[in-house]
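Visitor: Sending over a structure as structure tokens; questions will come in a sec.
The values are calculated or read from the model by the stated rules, or taken from the named source; none is laboratory data. Just so it is clear, the structure is predicted and the values come from calculations on it, not from any experiment. Here the Cβ is made from the backbone with ideal geometry for all residues, glycine too, and neighbour counts use every protein chain on show.
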Amino acid sequence: MKLMRVVALLLVALFAGPAAYGQAYKVPTHDSQVPTIDGYLSLPPGKGPFPVVVLFHGLKVYATYADTFAILTDHYNRMGIATFAVDWGTARQLRNGGPIGIGTPPSVIEDAFAANAFLRTLPAIRADKIFFEGFSLGAYVAKWITAAQNRARADKFAGAIGFSPLCREDLSAVDYAAPVVLVLPDASDASPRLCAAAAGRPNVDIVLVHSVVHDYYEWHDGEPWKEALRHGDAMIAAALAH
């Protein structure tokens, strides 16, 4: 029965388009070149307000994440957690695989904060329990939205998960104000050792997984994916307990 439900959800996501995740919204940004980005909210059964996980794609276009976001939406909704799948790439004229047509990686970081600020306006969402989950460039975003320099922001996140982040900076001296889980495949082409240097620092969980590809998370039955989910779920559960 569970398998049939997941298959049905995947078919809806693949053939009905992004709106399959739930209600579509235009998210205001502070970028005059890109005044809005698209987001798709899926609420779990029951009465809110709900915690929420913001799902953020990487340098592949949003549509390539359809099955991953559908599975994660089902996973979190079963836990009583909403999801908000954000398509920042369309508005920024992203080519599949890059480059970003309008803006830079810091622009995409601000898109994440824009999604957070927007969710805080919705009565169905718990403003103090907004989490982030990003892939590839989206995981690069996860590294920085939880860093200590963002502690004072009104649109701060309760925690973040990053799958295959770009690791071009040594994180051994970076302080984090909120918990962050960084999942590093050892075959990554983005120097995972620089992120791994953050192991042992407060609020940081480094998860090393074996994979021959950067986009290992597309293999949803693989142990690296399952291990990453376990760590992410544990971080969210700990945050919700406080």
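Visitor: Just the residues that are charged (D, E, K, R) and touching a strand residue (DSSP E or B) at 6+ places or on another chain (Cβ under 7 Å), please, taken from segment 66-105. Quick ask: steps written out before the conclusion?
Guide: Taking segment 66-105 as the starting set, the residues that turn out to be charged (D, E, K, R) are 67, 74, 78, 87, 92, 95.
Those that are charged (D, E, K, R) and touching a strand residue (DSSP E or B) at 6+ places or on another chain (Cβ under 7 Å): D87, R92.
Visitor: Let me ask you something else. Condition check: under 22 Å from S107 (Cβ atoms), under 15 Å from the mean Cα position of the chain (by Cα) and not in a strand (DSSP E or B). Does G134 satisfy that? Quick ask: steps written out before the conclusion?
Guide: Values: under 22 Å from S107 (Cβ atoms): yes; under 15 Å from the mean Cα position of the chain (by Cα): yes; not in a strand (DSSP E or B): no.
For G134, the condition - under 22 Å from S107 (Cβ atoms), under 15 Å from the mean Cα position of the chain (by Cα) and not in a strand (DSSP E or B) - is not met.
Visitor: Just one of A152, A142, A112 is at negative phi and free of Cβ contacts under 8 Å to residues at least 24 places away in the same chain; which is it?
Guide: Numbers: A142 fails: free of Cβ contacts under 8 Å to residues at least 24 places away in the same chain; A112 fails: free of Cβ contacts under 8 Å to residues at least 24 places away in the same chain.
Among A152, A142, A112, only A152 is at negative phi and free of Cβ contacts under 8 Å to residues at least 24 places away in the same chain.
Visitor: Give segment 184-197 a look and list any residue that's buried (at least 21 other Cβ atoms within 10 Å of the Cβ), hydrophobic (A, V, I, L, M, F, W, C) and either assigned to a helix (DSSP H, G or I) or modelled with pLDDT of 95 or more (or both), or say none.
Guide: The answer is C195, and nothing else.
Visitor: I'd like to know if segment 117-127 contains one or more residues that are among the β-branched types (V, I, T), surrounded by fewer than 24 Cβ atoms within 10 Å (Cβ to Cβ) and out of contact with any Ser or Thr (no Cβ under 9 Å at 6 or more places or on another chain).
Guide: At the first step, the residues of segment 117-127 found to be among the β-branched types (V, I, T) are 121, 125.
Imposing the further condition that a residue be surrounded by fewer than 24 Cβ atoms within 10 Å (Cβ to Cβ) reduces the set to 121, 125.
Filter once more, keeping what is out of contact with any Ser or Thr (no Cβ under 9 Å at 6 or more places or on another chain): 121, 125.
Checking segment 117-127: at least one residue is among the β-branched types (V, I, T), surrounded by fewer than 24 Cβ atoms within 10 Å (Cβ to Cβ) and out of contact with any Ser or Thr (no Cβ under 9 Å at 6 or more places or on another chain).
Visitor: S136 versus (1) out of contact with any Leu (no Cβ under 9 Å at 6 or more places or on another chain); (2) surrounded by 20 or more Cβ atoms within 10 Å (Cβ to Cβ); (3) of a type in the set (S, T, N, Q); (4) at pLDDT below 95: which is the lone unmet condition?
Guide: Condition not satisfied by S136: (1).
Visitor: While we're looking at this one, here's another question. Could you list, ordered by first residue, the pairs with Cβ atoms under 7 Å in which the first is in segment 115-138 and more than 15 Å from K156 (Cα to Cα) and in contact (Cβ under 8 Å) with a residue 60 or more places away in the chain and the second is among the hydroxyl-bearing types (S, T, Y) and not in a helix (DSSP H, G or I), at least 6 apart or interchain?
Guide: Matching pairs, first to second residue: F135/S164; S136/S164.
Visitor: In segment 89-111, how many are in contact with a helix residue (DSSP H, G or I) (Cβ under 8 Å, 6 or more places away or on another chain), buried (at least 21 other Cβ atoms within 10 Å of the Cβ) and under 13 Å from T64 (Cα atoms)?
Guide: So the count comes out to 1.
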